[in-house]
1. Name the pairs: first residue in the range 97-108 and under 10 Å from S53 (Cα atoms) and among the aliphatic types (A, V, I, L, M), second residue at pLDDT below 80 and in a helix (DSSP H, G or I), Cβ to Cβ under 9 Å, at least 6 apart or on different chains?
2. Please verify whether the range 10-18 includes one or more residues that are surrounded by 12 or more Cβ atoms within 10 Å (Cβ to Cβ), at pLDDT 60 or above and touching a Leu at 6+ places or on another chain (Cβ under 7 Å).
3. Checking the condition surrounded by fewer than 14 Cβ atoms within 10 Å (Cβ to Cβ), farther than 20 Å from V5 by Cα and modelled with pLDDT of 70 or more, which residue from A31, A98 passes?
Amino acid sequence: MNICVKEKMCRLMIFACILALALQVPGTAMADLVATASGTEKDIFNPLLNLLSYASYTIGGFMGIGGVMKLKAHSENPTNAPLAHGLGRCAAAAGFLALPSVMGMLNSTASSTLNGSSSFSSFQM
């Protein structure tokens, strides 16, 4: 029965990812983006960051649900369901849910400018 639940969750995750890809705005297709890009890193990587954000939120949500289910199983029968499995899944869910914020911070840091040049290229050692 456990394999059946895992298989159903896997199929649901794949369906959710395909649905997120299908609902992308057609104007953000890579061919249109390259043709109309203004040359900044932020414009080029936005569709990729959006896709990774959708995937990260989806995986984080499923991992959180799985972690809560494992914690519930531990509370009902502590000898057969270790606490570490539930806590590990909850920690992984927190990491996946925080990933889009970290990616956005890194993207804005990498593409920010100081006096017309990139902040990384103007750094002097």
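1. What qualifies is M103/L49.
2. Within the range 10-18, none of the residues are surrounded by 12 or more Cβ atoms within 10 Å (Cβ to Cβ), at pLDDT 60 or above and touching a Leu at 6+ places or on another chain (Cβ under 7 Å).
3. None of the other options fit; the residue is A98.
The values are calculated or read from the model by the stated rules, or taken from the named source; none is laboratory data. Note that the structure is a prediction, hence the values are computed from the model and not measured. Neighbour counts run over all protein chains shown; Cβ positions are idealised from the backbone, glycine included.
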